1. What number of residues within the stretch A:15-51 satisfy the criterion of being of a type in the set (A, V, I, L, M, F, W, C), over 16 Å from residue B:197 (Cβ atoms), part of a helix (DSSP H, G or I) and facing chain B (nearest Cβ under 9 Å)?
2. Give the residue, chosen from A:71, A:54, that is surrounded by fewer than 14 Cβ atoms within 10 Å (Cβ to Cβ), closer than 23 Å to residue B:188 by Cβ, at the interface with another protein chain (Cβ under 10 Å from one of its Cβ atoms) and not small (Gly, Ala, Ser).
3. For the stretch B:47-98, which residues satisfy the criterion of being among the polar types (S, T, N, Q) and either assigned to a helix (DSSP H, G or I) or within 11 Å of chain A (Cβ to nearest Cβ) (or both)?
4. With (1) at pLDDT 85 or above; (2) surrounded by fewer than 22 Cβ atoms within 10 Å (Cβ to Cβ); (3) not aromatic (Phe, Trp, Tyr); (4) not in a helix (DSSP H, G or I) as the list, and residue B:209 as the residue in question, which single condition is left unmet?
5. Do you know which of the residues in the stretch B:136-174 that are hydrophobic (A, V, I, L, M, F, W, C), in contact (Cβ under 8 Å) with a residue 60 or more places away in the chain and buried (at least 19 other Cβ atoms within 10 Å of the Cβ) is nearest to the other protein chains (Cβ to nearest Cβ)?
6. Looking at the stretch B:146-205 only, could you name the residues that are at pLDDT 90 or above and of a type in the set (S, T, N, Q)?
7. Suppose the filter is within 11 Å of chain B (Cβ to nearest Cβ), more than 20 Å from the chain's Cα centre (by Cα) and either at pLDDT 95 or above or not in a helix (DSSP H, G or I) (or both); does residue A:6 pass it?
8. Consider residue B:105 against the criteria (1) farther than 18 Å from residue B:49 by Cβ; (2) within 13 Å of another protein chain (Cβ to nearest Cβ): it satisfies all of them except one. Which criterion is unmet?
Amino acid sequence: MNHTSMTCKQVYDLVMAYLDNELSAQDRAEFENHLYKCCPSCGAYLESYKETVRLARQVGRSVSQDDVPPRLIEAILKRVPQGDDLAD
Amino acid sequence: MAPPGTSSAGAASRDENEAFLLAGLRRGEAAAFERLVRDTTPRLLAIARRMLPNEDDALDAVQEGYLAAFKGLPSFDGNSRLSTWLHRIVVNACLMKLRSRRRRPERSIEDILPKFKEDGHSWEPGSAWRNPSESLEQAELSAKILEAIDELPENYRIVLVLRDIQGLDTAETGVIVGLSENAVKTRLHRARQALRELVDGRALGKDGGND
């Protein structure tokens with residue numbers, strides 16, 4: 001493995017900023033140079049990071065449809081403030 | 001009660017709808033409260049379920065959060081969105097419950113994060129991460145991902161839940177958890193890194209991890 005000035009740890013630390021397009025042009029160039037010319041394992045790390053985020057978001061889509069027990073809604077609505085309760 | 005201005009989409013329409021709802025709440029309209037509760041409970045309960053392992057605790061936290069919100073409504077200053085304010089109250093209710101019932105010490109995030117040699121390079125160049133979706137069926141995969149999220153330290157789990165599970169943006173997450181946007185980004189990144197380690201198919205043990 002032929003490393004550049006950017007270390008694997010620096011690459012790991014910058015993965016999210018890279019994916020969010022928040023790196024400076026120079027950092028982005030060094031990041032990509034490390035990944036694509038020097039260190040395939042960091043390239044694999046980037047892909048596995050992206051896949052982890054995808055899996056979490058996929059789970060998020062399913063849990064956002066979670067059932068809400070009707071008794072919870074009823075219990076909350078029973079405690080809705082009335083008239084004077086809302087006065088400052 | 002019909003929401004106004006359904007012709008325009010996006011943030012302006014959302015703000016207009018929220019202002020209309022808030023006005024109804026402040027007038028004590030039962031329909032406004034019912035709309036608020038029915039619209040926001042699913043997301044708030046999903047967050048509570050991710051923060052609290054016990055279902056009854058999650059239901060209690062949501063209920064307690066709404067009661068606190070109803071009580072605090074006259075002093076809501078409108079500086080954040082109503083839903084953000086509600087999220088913050090429910091997250092705080094979850095944290096209080098969690099801290100009163102903690103049964104086991106949390107793992108340190110540093111224990112989970114990747115390790116490096118002194119020169120900053122990886123210990124295991126070329127070691128393969130095994131995508132858990134290659135060996136697990138969808139239902140089992142979702143369960144494993146949720147279990148892994150539950151293993152994250154609380155301060156990291158809540159940020160990941162709000163950003164990646166609930167899809168809130170960085171600014172809104174910062175308001176809810178009381179962090180700057182930069183701090184939210186740092187925590188989210190570390191939470192994702194830790195989650196990656198925890199969901200590695202090799203660690204999940206389905207197929208032994210032999211490459």
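The values are calculated or read from the model by the stated rules, or taken from the named source; none is laboratory data. From a predicted model like this one, the values you see are computed outputs, not experimental measurements. Quick reminder, even Gly has a Cβ in these numbers, built from the backbone with ideal geometry, and neighbours come from all protein chains shown.
1. Number of matching residues: 1.
2. A:54
3. Within the stretch B:47-98, B:63, B:75, B:83, B:84, B:92 qualify.
4. Result: residue B:209 fails condition (1) only.
5. Per the stated criteria, the residue is B:165.
6. B:155, B:170, B:173, B:180, B:182, B:186, B:193
7. Yes: the conditions hold for residue A:6.
8. (2)
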